[in-house]
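Bear in mind these aren't lab numbers, they're just calculated from the coordinates by the rules spelled out. A quick note: this is a predicted structure, and the numbers were derived from the prediction, not measured. Positions of Cβ are backbone-derived with ideal geometry, glycine not excepted, and every protein chain shown enters the neighbour counts.
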Amino acid sequence: MNKQQQQVIHIPPNPPVSPTHQPTEKVYAALIEPKHANTIIRRLNQIAPLQNLQHLKRIQKKQLQGGKPELYVVLCLASENETQSNRMPPDVEDIVNSYHLTPFITEVNKYAALSKEEWEEQCKLWPTSYHPPTYNIPGITGFSEEDSKAVFNFMKSTVELAKSGDHLIVNAAMIVDPLVGQIIASACDEVCSWHMGTSKAKTETCDFKQLEGFTSHDDANITAKDITFLSNGSANNLQQCYKAVSCLNPWWFAQQSFHSSPCYCHPLRHAAIVAIEASAARDRHLFPGSGHNEKSYGVDCNSSSSGSLAKRQRVDLENVKNRGEQDANTEGSNSLGRPYLCTGYDIYLIWEPCAMCAMALVHQRIRRIFYALPNPETGALGSVHRLQGEKSLNHHYAVFRVVMPELEFPVER
């Protein structure tokens, strides 16, 4: 495989808009004398603030051929059905009369630019500000070579988790602590499980250094016993196989008959949901005494060192940033409290999650989501919806697509 073709692509919270087809808003503007600019702007910011157009610069500067600049100022918003003969707010009219301005209606861009290309197109109408999204998360505006290597290795491990031998493909999920290179939990779709509903999804403490020799788990719950994934078989065979992916085809389980083998069916047990459950079970195992009965979950936990316990402590992102210092100060102690959900963790998925899984990851306070393949019909993080851009939610994660050429195959149904 050509490693140069591997990419990590950020999926922005809002869908891209053609730079030449961005929505606009009508405003009143006027030519002003440069010597009055500061006074007029201060006054306008008090009486007519542009609260919903904060990306818009109040002043537009044009350079005439003779070298003398012309300054135009946005006075206030104009309604869609207004004309120049309509009245402006009285305070704005006072400024117009005081400085003998001649207002006119013009159009400006309604929303902030999401890319440099959009910003350049916006400035042709009226100057705006452009601030690339950062989310205060390292890696949004670019990954270092070491970070990229970790991302690709974790994704490859997720692919290995989804392998089997009955030519059925399912989704796989892997929750990772990126700060210590540790796999916290992993799982596959369990919508139809041959383990009769007894969850044995793995909880891990595998260091990143061990990933090069990482192999899939023998007893992971999957839709079929062993799944041959992607590298074998023709595209036509693959098109028939991936119908078992829960996020792609949520009602697949209802269309199957399982007379020949005992099967436990649950329509909500998508890979991300099962991995979340495994992560919670791991917490109960590592932090007993929280009121849960750990014995009933059958969790296979490989972590027992107090150093790992200390590294696992987190309540918010600030605690995550300071965890290295916290680990040094608390070596040999497991007295710190139980971690808060999946705060600060990443999750790797083969397919873009559906709305149910994406919302579950919001509730879990996941930090970043990486997926390899789009979900063209039910995808909630770029293909159909963009849950990461829903302002009403109280948590927002960053979303990335990991482009790996060996995973590319037709996904249309």
Given 23-33, 88-98, 182-192, the highest-first ranking by average Cβ count within 10 Å works out to 182-192, 23-33, 88-98
If unit charges are put on Cβ atoms (+1 for Lys and Arg, -1 for Asp and Glu) and the dipole of region 22-123 is taken about its Cα centre, the option from Ile47, Pro69, Ser79 lying farthest towards the positive end turns out to be Pro69
Between Ala355 and Ile47, the FRET efficiency computed from the C-beta separation at R0 = 51 Å comes out, to the nearest 0.05, as 0.70
Rounded to whole angstrom, the alpha-carbon centroid of region 176-192 lies from that of region 49-78 at a distance of 51 Å
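Go ahead and run the numbers for FRET between Glu107 and Ser144, Cβ-Cβ distance against an R0 of 41 Å, rounding to 0.05.
0.45
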Length gained, Cys265-Gln65, 0.36 nm per residue minus C-alpha separation, equals 64.5 nm
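Under the 0.36 nm per residue contour assumption, what length would be gained going from the current alpha-carbon distance of Ser18 and Val96 to full extension?
Using 0.36 nm per residue and subtracting the Cα-Cα distance, I get 24.5 nm.
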Taking region 22-123, the lysine pairs whose C-alpha atoms sit under 19 Å apart (8 or more places apart or on different chains) add up to 9
Output row, site Gln54, 7 Å Cα→C-beta label point, backbone N cut-off 16 Å, window region 365-401, residues 391-392
Distribution output for region 22-123: share of Cα-Cα pairs per 5 Å bin in percent, first bin at 0, values 2, 11, 23, 23, 20, 13, 7, 1
Checking rank on 56-66, 110-120, with mean other Cβ inside 10 Å and highest first, the result is 110-120, 56-66
Pseudo-spin-label distance Lys26 to Leu125, built 7 Å along Cα→Cβ, given in nm, is 1.4 nm
Zone reached by a paramagnetic label modelled 7 Å from Ser115 Cα along Cα→Cβ, restricted to region 50-69 with backbone N below 16 Å, covers none
With +1 on the Cβ of every Lys and Arg and -1 on the Cβ of every Asp and Glu, the dipole magnitude of region 22-123 about its Cα centre, in debye rounded to the nearest 20, is 420 debye
Highest mean packing first, using Cβ neighbours within 10 angstrom, the peptides 277-287, 8-18 sort as 277-287, 8-18
